[in-house]
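K.L.:
I have a structure I would like to understand better, so I am pasting it below and will then ask my questions one at a time.
The values are calculated or read from the model by the stated rules, or taken from the named source; none is laboratory data. Quantities reported herein were computed from a predicted structural model and do not represent experimental measurements. Quick reminder, even Gly has a Cβ in these numbers, built from the backbone with ideal geometry, and neighbours come from all protein chains shown. To get the accessible areas, we keep the full protein, side chains included, count just its heavy atoms, and leave off ligands, DNA and RNA. Shrake-Rupley method; radii C 1.70, N 1.55, O 1.52, S 1.80 Å.
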Amino acid sequence: MSMQTLSQLGWRPSYAQHLTLADFEAGYPARVTAVHRSGLSVLSSRGAGSVVLPHHLVDAPSTVAVGDWVLIEHEADRVIRLLERQSLIERVAAGGERRRQSIAANIDTLFIVTSCNDDFNLSRLERYLALACAAGVEPVVVFTKADLSNQASNYVTEAVGTLGEVTVLALNATDATAVAELAPWLEAGRTVAFVGSSGVGKSTLTNGLLGDTSRQTQAIREDDVRGRHTTTAREMFPTASGAWVIDTLGMRELRIGAVESGLGTVFDDIEALAAQCRFRDCHHEGDADCAVQRALADGALDHRRLANYRKLQREAAEAQRTLRE
Ligand SMILES: Nc1nc2c(ncn2[C@@H]2O[C@H](COP(=O)(O)OP(=O)(O)OP(=O)(O)O)[C@@H](O)[C@H]2O)c(=O)[nH]1
Ligand SMILES: [Mg+2]
Ligand SMILES: [Zn+2]
């Protein structure tokens, strides 16, 4: 792959604030484009490379993710350390261990993809939104398969009505016009990721965005051919417009981490109501003079949304406790 400047790779001046002169003497910054079991594929101003991870980073509680910036030793293909992230999308793995799984790092926009069919689920959208808001990443809700449904505009209306100020799009992911719809978020040097259930069109959209850059994505994959890495599906690709796109595998279950701050943003309507309850510790369950109960009664707030807010709050609190342990 041709050499890229750091800013083309998504570098921001803020990353340099955490690097000392000694750091620059020891190594150089590179962006992680793929995570493999035995190492990482990276891009830097030197071009593409493969590097190994020191053990303490393999076992870190928050694993290295596609999109991360790392410092690499000048004369050895080895990571010195992970650079401070601007954002991290992570989930809590299913199962007893409750391990955190990094999904994508240092992204600017999270495309939350759902299709205009049975996949439509407001509570799941709220869940993804909380994840994006907690990470400080702009969420964009994308309804795919608008060409297969006569309900598309209803879905959009319902999502806009419930989710507040989030951008919501409906499109046909298989059509070339989809690329133009996403263009505002794909300026050169920006990084975006697609998340959502299996089969909703994440890879279809990704492939559309890659356009004519397949030669470059092949270059990233050559490392695998040489057998140096076992490939996982987590990779970052350059789009035709010079942005970076991270496709993810469809998730059956998205357990959120400690995203309290994100819940405050996504459910600001409920939090504003709660502030008007007579008692500061109101449980909104038959307490006197409760603004939340009043909103439920007059239809301004629906039961599903309140129940989901509570469920996500419990999940986030549990994740917070696990973090502390
Ligand atoms: N007609 C139509 N078909 C679509 C649209 N989006 C996706 N598809 C089709 O749906 C199927 C699944 O699309 P993918 O892009 O593979 O879905 P995905 O989200 O990447 O799924 P996973 O990788 O399993 O998570 C493919 O056959 C696509 O062609 C759309 O907007 N319209
Ligand atoms: Mg896919
Ligand atoms: Zn109340």
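K.L.:
Could you tell me whether the range 110-162 comes out rounded, prolate or oblate from its Cα gyration tensor? Rule is a ≥ b ≥ c as square roots of the eigenvalues, rounded for a/c under 1.5, then prolate if a/b exceeds b/c, otherwise oblate.
P.N.:
Verdict is prolate for the range 110-162.
K.L.:
Please turn the phi angles of the range 243-254 into ³J(HN,Hα) values with the Karplus equation 6.51 cos²θ - 1.76 cosθ + 1.60 (θ = phi - 60°), one per residue in order, whole Hz, x for glycine and proline.
P.N.:
These are the phi-based 3J(HN,Hα) values: 8, 10, 10, 10, 8, 10, 6, x, 10, 7, 10, 10 Hz.
K.L.:
Give me the 1.4 Å probe accessible area per residue for the chain, excluding ligands and nucleic acids, in Å².
P.N.:
48 Å²
K.L.:
Need one number: the % of Cα-Cα pairs in the chain sitting beyond the 29 Å mark.
P.N.:
42 percent
K.L.:
Give me the dipole magnitude in Debye, nearest 20, for the chain about the Cα centre, with unit charges on the beta carbon: positive for Lys and Arg, negative for Asp and Glu.
P.N.:
660 debye
K.L.:
Hey, any idea what the orientation-averaged projected area of the convex hull of the range 13-87's Cα atoms comes to, in nm²?
P.N.:
So the Cα hull casts an average projection of 4.9 nm².
K.L.:
From the residues L171, A319, V245, which one has its Cα farthest along the dipole of the chain in the positive direction, the dipole being from +1 and -1 charges on Cβ of Lys/Arg and Asp/Glu about the Cα centre?
P.N.:
A319
K.L.:
Could you derive backbone 3J(HN,Hα) for the range 43-55 from the dihedral phi with the Karplus parameters 6.51, -1.76 and 1.60 (θ = phi - 60°), listing whole Hz in sequence and x where the residue is Gly or Pro?
P.N.:
Once θ is set to phi - 60°, the couplings for the range 43-55 become 10, 8, 5, 8, x, 8, x, 10, 9, 9, 9, x, 4 Hz.
K.L.:
If you don't mind, there's one more thing I want to ask. Residue by residue through the range 272-279, what is 3J(HN,Hα) from phi via Karplus (6.51 cos²θ - 1.76 cosθ + 1.60, θ = phi - 60°)? Round to whole Hz and write x for glycine and proline.
P.N.:
Rounded to whole hertz, the list is 5, 4, 4, 5, 9, 5, 5, 9.
K.L.:
Okay, moving on. Using alpha carbons only, how many degrees (0 to 90, rounded to 10) separate the axis of helix 214-225 from the longest principal axis of the chain?
P.N.:
Between helix and principal axis, roughly 70 degrees.
K.L.:
Now for a different question. Return the carbon/sulfur percentage of the accessible area of the chain, one whole number, probe 1.4 Å, all protein chains in place.
P.N.:
That fraction is 49 percent.
K.L.:
Need one word for the range 16-152: rounded, prolate or oblate. Basis is the Cα gyration tensor (sqrt eigenvalues a ≥ b ≥ c); a/c below 1.5 gives rounded, then a/b vs b/c decides.
P.N.:
prolate
K.L.:
Under the rule of at least 5 residues apart or a separate chain, name every residue whose amide H is placed under 5 Å from the amide H of L301.
P.N.:
L296
K.L.:
Rounded to the nearest 500, what is the chain's calculated 222 nm mean residue ellipticity when only DSSP H runs of at least 4 contribute -39500 (n - 2.57) each, over all residues?
P.N.:
Result for the chain, helices only: -9500 deg cm²/dmol.
K.L.:
Sticking with this structure for a sec: Between A272 and L148, with labels modelled 7 Å along Cα→Cβ, what's the label distance in nm to one decimal, could you check?
P.N.:
Distance between label points: 3.7 nm.
K.L.:
Which shape class applies to the range 41-80: rounded if a/c is under 1.5, otherwise prolate when a/b exceeds b/c and oblate if not, where a ≥ b ≥ c are the square roots of the Cα gyration tensor eigenvalues?
P.N.:
oblate
K.L.:
Starting from the coordinates of the alpha-carbon atoms of the range 257-325, obtain the Kirkwood hydrodynamic radius over all distinct pairs and give the value in Å to one decimal.
P.N.:
12.7 Å
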